[in-house]
Every structure is written in C-alpha cells, then in structure tokens.
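Here the structure comes first, spelled out in structure tokens, and everything after it is commentary.
The values are calculated or read from the model by the stated rules, or taken from the named source; none is laboratory data. Here the structure is a predicted model, which is why all the values come from computation and not from measurement. Note: ideal-geometry Cβ built from the backbone for every residue, glycine included; neighbour counts use all protein chains shown. Areas reflect the complete protein model, heavy atoms only, side chains present, ligands, DNA and RNA absent. Shrake-Rupley method; radii C 1.70, N 1.55, O 1.52, S 1.80 Å.
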Amino acid sequence: MTSTEHRPPSGRSSRNEAVASGWQFWIDRGGTFTDIVARAPDGRIEVRKMLSDRPDLYADAALQGIRETLGLPTDAAIPTEAIAAVKMGTTVATNALLERKGDRVALAITQGFRDALRIGYQNRPDIFALNIHLPELMYERAIEIEERVGARGEVVVPLCEARARRELQASYDEGMRAIAIVLMHGYRYPAHELRVAELAHEIGFTQISVSHQVSPLMKLVSRGDTTTVDAYLTPGLRRYVDGVAAQLQQTRLMFVQSNGGLTDARLFRGQNSILSGPAGGVVGAAQVSAIAGFDQVIGFDMGGTSTDVSHFDGEYERVQETAIAGVRLQTPMLAVHTIAAGGGSILRFDGARLRVGPESAGAQPGPACYGNGGPLTVTDANVLLGKLQPQFFPATFGASGDLPLDVARVRQQFAELAERVSAATGAQRSPASIAQGFLDIAVEKMAGAIARISIQKGRDVTQYALCCFGGAGGQHACAIADVLGMTRIFIHPLAGVLSAYGIGLADVKAERSRSVEAELTPALVGDLEETIAALSVTCANELVSQGIERDRVR
C-alpha cells in the first residue's frame, strides 16, 4: 500500500490555508450532536453544537449550523461566495452499517461460491456461546456467475455473458440498483469483473462496486465483504453528500476518510467512510497533544452515543483489515476502538442490577434532561450529581428547541427509580447513590476499552497522557484516570468539539494498494520500487485533480 498527502506550505496543517479567503467550516456530524468549528476570514474561531436529528426544526444540522454562524434564518440560501471550504466527517454510513439500513444490494460471485461470505472464516469470537447469531447479510440476492479464472490467470471456465445478463436483469427487475461484483482471483485478473460491470451498467444499475477497484487484495471473503459494504453504503452516503453539495453549490466540500485524510466529496465512498467522524478526533487529539508537549497519548473521545479510544506514540496507529459490526473490511483505517457508552447511554434497572447501555437515547428524544420525554441516561446522572450545570448549557432543548436542561424532570425520574430499586432489593438507596452507581459502571466500561488498546498490548498506560475530548469526555476524565493509574490529563480548550477541529487539521490524502505475488529475491526489489512509484503517481494525480498544486504533494 502507498499513500500520498497534501500538506500546506507551513508544514503544520490545513488550518493555515488562505485565512483571508473566506469562512471555513469544520463539521463533525455525530449520532447525537453535530459539532461545528468555524474560522472567520479574520482568523477568529467560532464554535457551535447542534442536535443532529431535529427534523421538526431544521432539515440538516450541518447546514443549519452554517446558517446560524452566518446569521441567516432557517432554510435561507447559503452565500457560498463567502465560504472558502467546508470539511466534514459524518456517521451517516456508520449508522447505516450498524443498523443495517443500507441500500438493496445484489452480489455477483463466481459460480459455486454463493455462500462464501455467509460462511466466512468460521471465527468464534465467543467460544462458549451456545446460540450463535450471525450478522445480517448486506446483500439481498446472490448471483452465481458462470466463470472461473485460476490462480495464475488461466481461464478455467469462460464467462457466460448470456447467463450473467439474465441474472443481473432479474435482480434489477426486483428493484435492486446496487451490485457488488466479486469474482475468484478478480483482484489480480480483472477481465471478467470488468465485463460483468459493463453488463450491469448497460442494464441500469446505479451503484456498481467491483472488487479489484474497491480492494485489490487477496482473500475472497474480506475482499467480498469490503466490496459489498461499498455497494451497500455508497448510495445512501451519496444522497447525503449530494444534498449538502446542492446547498453549498460551488463551495469546496471535503470529507474525512477512515484513514484520517480528507478527500473531495465526489470521491467519498462507503468503504472509506466507516470511521469518518472518529478519525477526525484521532487527528485532532494527536496534533493538539503534540503542540502541548505530549508525545504518548491515549485519545478518549466520549460523545452522546459512543466512546472512541485510540493510541498515539509519535505515529498514527493504522490497520489494514478489521471487523466492524460483523463485517470484515480490507481498507486502510486509523485504529479506533469503539464501545457503546456515551452521554446518551440509557440507564435501567432489570430487577436485580443496574445496567448502562448499549442502547442510546440519541438526539431525539435524547436524555430525560432534554425535555422531550427521553429515558434516564449517563448525562442525567451527571446532571443529578451536579457535574453538569444547566446555566452553562445552551438553551436548545425541549419541544421548541429553546429551553434549558430540565433538572426537575431528572430528579423526579431518579427518585422513582430509587424507589423501585429499594423495593426490589430491600436496601434503601438514595437517588444520588443510584446515579453514582450508574456512573461507576460506565467508567469501568470505558477504562476497560482503554486497557484493551494499551495494557493488553504491553504498554504502560501510566506513562501516557489522557487526551480527553468529546461532549461528555471532561465529565469522566478524572474517574477514568484514577481507575487506570494515569497521572496526566490533557483537555484542550476546544475539547468539546475536537473531532471537528481535527477535521480542519487533517491533510488531503489518497491511498492505493496492490497485491504482489512473487518470490522474495534481490531481483524483486526493483520491481517493487516500480510498483510503489506507479501507485504513488496515481495517488498524486488524484490529489492534483482535487486542486492541489503538485509541488505541495508529499
């Protein structure tokens, strides 16, 4: 794999680009909140948080945040001539994958392998589970393509175009418009995949994901899953991106990818969007920590829906292959470990014990203190214990979107919960002790996630600084540091919106991969250098096509 990136002349970050040319907006669209960091033409920074899901008040939180920053009413046309660039991270594709709400997909795969992705590698993450629940498949229909290419490129079974066309047409007639084409050894011998893609295009498929273009690497299952993810997520992602782009017209619109680099909105695809938002947080945490003098950092990003933890020791930690929501992905990503514990994690008593999450109240109805009839959450526990002060919160809650946090509702619901706990257990518990118990559980879960990326890998976490950010991060930083024995906590002035700030600091990046099957000999080194050079030229050309001057490509 090779990667090429654009760095501005200063060598620091893209925050130094053309300050006077217009507004820049750096936006992280999360599951609960959308964070907006706006840099004015005179260089000053403005910060805004919007609830991500309030269709009764505005169509899109990111665009509404831009309007409010510019002093415009809802649904007003955005004066794009005043904006230099908009850089975004989004959880649109991530949520679609987690909730299995992508587009309908047909899978075209070599005859005899229709169940290969379902069978997978037969891994047993929980070896003692008696009832194994396989993740829901992303493709609706598997098409067996009559063809076979051997491992050395010989055509074992010729491609039957007539049968392929019939099968593709049948899927199209059933309403599927996205197709993933995954043929045996297609990563190295792509002729059959290309021809099937041509047939799909002629029939009218609007999303055609071809495995040797999406993930040109070995392993049919991982390559197949990655290609299917791309076909499954890209249409919905494109609808969102196109909707934003239509409002911004000719404004430069970029999205951060899972690898931590920015790319033009036109090139943003499903396979590269899974960690779009969290990647901005990793970049932001690493860069601001380095400026503050910390070179060993544990990133702790606690938002409304989940908590993301990452490790930084002078270099970004990356993975080439990972599994997310039961799906195997072969695509470059920053190493981020996510758990379902955030400010919106729902608190409940199951009759015997207190439980935190994994369900989240989200932005609508949100926590009980939001005043929209939501359940008790981690945020409400912090409100009850005084760790969150309503007078320091913006009045953006309630049905009208202009009310402060509802402390009275929180006290009432915790009092009722304390009565239920006391009645069930026979032990008197105060509302405050119940709230603290929930927080203790949440802290242990989050500390365990940090231990997984540090202590379990032989790293002495006590030598690291805990870079704490996200809307809920500061509420739990000291408690988590105590559990792990960490003595240094770093909280940046923009910690509440650091993922959005990190998106503004990210470089524009392109990456390409290729498998090389050859005996490792001294003579091979020259061939490898030529391969790397060719990939680098491809990456550089992609950056140039996005408007980056060639002498600013590294």
### Query
With every protein chain in place, what's the accessible area of residue 402 (1.4 Å probe, Å², nearest 10)?
90
### Query
What distance in nm separates the simple spin-label points at residue 392 and residue 517, each placed 7 Å from Cα in the Cβ direction?
6.0
### Task
Please give the contour-minus-distance gain from residue 319 to residue 531: 0.36 nm per residue of separation, less the Cα-Cα distance, rounded to one decimal in nm.
74.2 nm
### Message
Just to check I understand the Karplus step: with θ = phi - 60° and J = 6.51 cos²θ - 1.76 cosθ + 1.60, what whole-Hz values come out for the stretch 443-453, glycine and proline as x?
### Response
5, 5, 5, 6, 5, x, 5, 5, 4, 5, 9
### Task
State the antiparallel share, in %, of DSSP beta bridges confined to the chain, rounding to the nearest 5.
60
### Query
With every protein chain left in place, what is the accessible area per residue of the chain in square angstrom, probe 1.4 Å?
43
### Query
For the stretch 215-363, what is the convex hull volume of its Cα atoms per residue in Å³?
159
### Query
Using the Cα gyration tensor of the stretch 349-458, with a ≥ b ≥ c the square roots of its eigenvalues, what is the shape: rounded (a/c below 1.5), prolate (a/b larger than b/c) or oblate (neither)?
oblate
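Between residue 134 and residue 156, what FRET efficiency follows from the Cβ-Cβ distance if R0 is 45 Å, with the result rounded to 0.05?
It comes out at approximately 0.90.
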#### Entry: Other-chain or far-sequence residues with amide H under 5 Å of residue 324's (modelled H)
329
### Message
Give me Rg/Rg_expected for the stretch 86-155, where Rg uses Cα atoms only and Rg_expected = 2.2 N^0.38 Å with N residues.
### Response
1.54
### Integer Hz, Karplus 6.51/-1.76/1.60 couplings in order for the stretch 294-301, x for Gly and Pro
9, 9, 10, 9, 9, x, 10, 10
### Query
If you find the alpha carbon centre of the stretch 432-448 and of the stretch 78-133, how far apart are they in angstrom?
31
### Query
In the structure displayed, which of 387/445; 87/457; 49/457 lie more than 26 Å apart, Cα to Cα?
87/457; 49/457
### Task
Find the relative contact order for the stretch 39-103 and round it to a whole percent, using C-alpha pairs within less than 8 Å whose residues are 6+ positions apart.
16
### Task
Quick one: check the C-alpha center-to-center distance for the stretch 274-340 versus the stretch 488-535, whole angstrom.
14
### Message
Show me, bin by bin at 10 Å from 0, the whole-percent P(r) of the chain based on Cα pairs.
### Response
3, 16, 25, 26, 18, 8, 2, 0
### Summary
The long-range amide H neighbours of residue 476, using H built 1.01 Å from N in the peptide plane and a cut-off of under 5 Å, are none
### Task
Apply the Karplus parameterisation 6.51 cos²θ - 1.76 cosθ + 1.60, with θ equal to phi minus 60°, to every residue of the stretch 531-548 and state each ³J(HN,Hα) to the nearest whole Hz, in sequence, with x for glycine and proline.
4, 5, 4, 5, 5, 5, 5, 4, 5, 4, 4, 5, 5, 4, 5, 8, x, 8
### Message
Could you work out the relative contact order of the stretch 280-362? I mean the mean sequence separation of Cα pairs under 8 Å and 6+ apart, divided by the number of residues, in percent.
### Response
25
### Message
I need the peptides 229-237, 193-201, 101-109 ranked by packing, meaning the mean over residues of other C-beta atoms within 10 angstrom, with the highest value on top.
### Response
229-237, 101-109, 193-201
### Task
If a/c stays under 1.5 just call it rounded; otherwise compare a/b with b/c (prolate if a/b is bigger, oblate if not). Do that for the stretch 117-173, with a ≥ b ≥ c from the square roots of the Cα gyration tensor eigenvalues.
oblate
### Summary
Using a 1.4 Å probe on heavy atoms of the protein chains only, the accessible area for residue 141 in Å², nearest 10, reads 60
### Prolate/oblate/rounded call for the stretch 124-222, Cα gyration tensor, a/c under 1.5 rounded
oblate
### Query
Given H placed on each backbone N at 1.01 Å, which residues far from residue 492 in sequence or on other chains put an amide H within less than 5 Å of it?
468
